[in-house]
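First up is the structure itself, then whatever we jot down about it.
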Amino acid sequence: MPEWLTPLAVLFIGGGIASALAYGGQAVLTRSAASGRNETVGIYLALAAAILGTYLAFITVAVWERRSDAELSARLEAADLWVLMQLTHAQPEPQRRALQELVLDYTQSIVAKDWPALATAGAQRSFRRSPELDRIWSALLAPQAGGSAMASAAVDRLGSLAAARERRLLASSTSLSPYIWFTLTVGTIVNLALLMLVRVEEKGLHALLVGSCAGLTLMVLWGIYDMQTPYVGAWSVTAEPFTQVVSQMKDFVSR
């Protein structure tokens, strides 16, 4: 199933189940003391809805900011790679050509190897060394690489790239804690249960409203789940910045 269909399935399936439960629940609730019960349930429902709404808003903003930070970090890492490629121009031949090929190989490895791994087994990839990156270090630190200011700048830039790669791998292995998911699940169930306990005359309208609230809440929960790991899901961070840099590097090397 296409990923964009998932939130729609969550909306209609979750909302439909909640509507059916609400409609059936109205038949069980007695008419006696409906007014007093509704007043009591309404107080608790307002409190529970305020707590859940605040919690959902906080978590949604947090996971979106983490995804945005991961996207910005990828763009900055790609920009550093492009600067490193340009710095290799200061090296004499044949070291220049060798360094350019190494930088290009490392950038291509990010697209071809690292990115698929981030989406499937990021936790297993964390802090693993990159052979392509190690070869760049060896080439830059070799005696024939020289001690010019440009070479020092390239070493500094490579250090920034190594740190950026570590942050990228670490972000791929982090997700929301089970406690947060437990709180969100319990809060959603409590709110829907209180909403179903409200006694109304129009059972069909009540079922529709309960289903709508349930569907929208479940869509928000699905969005949080989808964005909790920046490199997995429909809204994942793509390797587009590195793909663009690879194209630029190939043109640069072929000059």
| Restricting attention to the stretch 210-222, does a residue exist that is within 24 Å of Ala117 (Cβ to Cβ), aliphatic (A, V, I, L, M) and either surrounded by fewer than 20 Cβ atoms within 10 Å (Cβ to Cβ) or in contact (Cβ under 8 Å) with a residue 40 or more places away in the chain (or both)? | no
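Please tell me if Leu195 is at pLDDT below 90 and crowded, with 19+ Cβ neighbours inside 10 Å. First the steps, then the outcome.
Values: at pLDDT below 90: yes; crowded, with 19+ Cβ neighbours inside 10 Å: yes.
Here the answer is yes, as Leu195 does meet what is asked.
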| request: Please go through the stretch 176-208 and pick out each residue that is free of Cβ contacts under 8 Å to residues at least 60 places away in the same chain and either closer than 23 Å to Leu11 by Cβ or in a helix (DSSP H, G or I) (or both). | output: Pro178, Tyr179, Trp181, Phe182, Thr185, Val186, Ile189, Ala193, Glu202, Leu205
| query | Among Arg66, Arg96, Arg75, Arg135, which is within 15 Å of Gln244 (Cα to Cα), of a type outside the set (A, V, I, L, M, F, W, C) and modelled with pLDDT of 75 or more? | reply | Arg75
| note | The correct count of residues that are out of contact with any Phe, Trp or Tyr (no Cβ under 7 Å at 6 or more places or on another chain), farther than 10 Å from Glu132 by Cβ and either in a helix (DSSP H, G or I) or free of Cβ contacts under 8 Å to residues at least 40 places away in the same chain (or both) in the stretch 92-113 is 10
| field | Selection count where residues are part of a helix (DSSP H, G or I) and modelled with pLDDT under 90, scope the stretch 226-248 | value | 2
| task | Select from the stretch 25-39 the residues that are loosely packed, with under 14 Cβ neighbours inside 10 Å and either closer than 15 Å to Glu202 by Cβ or at pLDDT below 70 (or both) and list them in ascending order. | result | Ala27, Val28, Thr30, Arg31, Ser32, Ala33, Ser35, Gly36
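The values are calculated or read from the model by the stated rules, or taken from the named source; none is laboratory data. These figures come from a predicted structure and were not determined experimentally. Cβ atoms come from the backbone with ideal geometry, glycine included; neighbour counts cover every protein chain shown.
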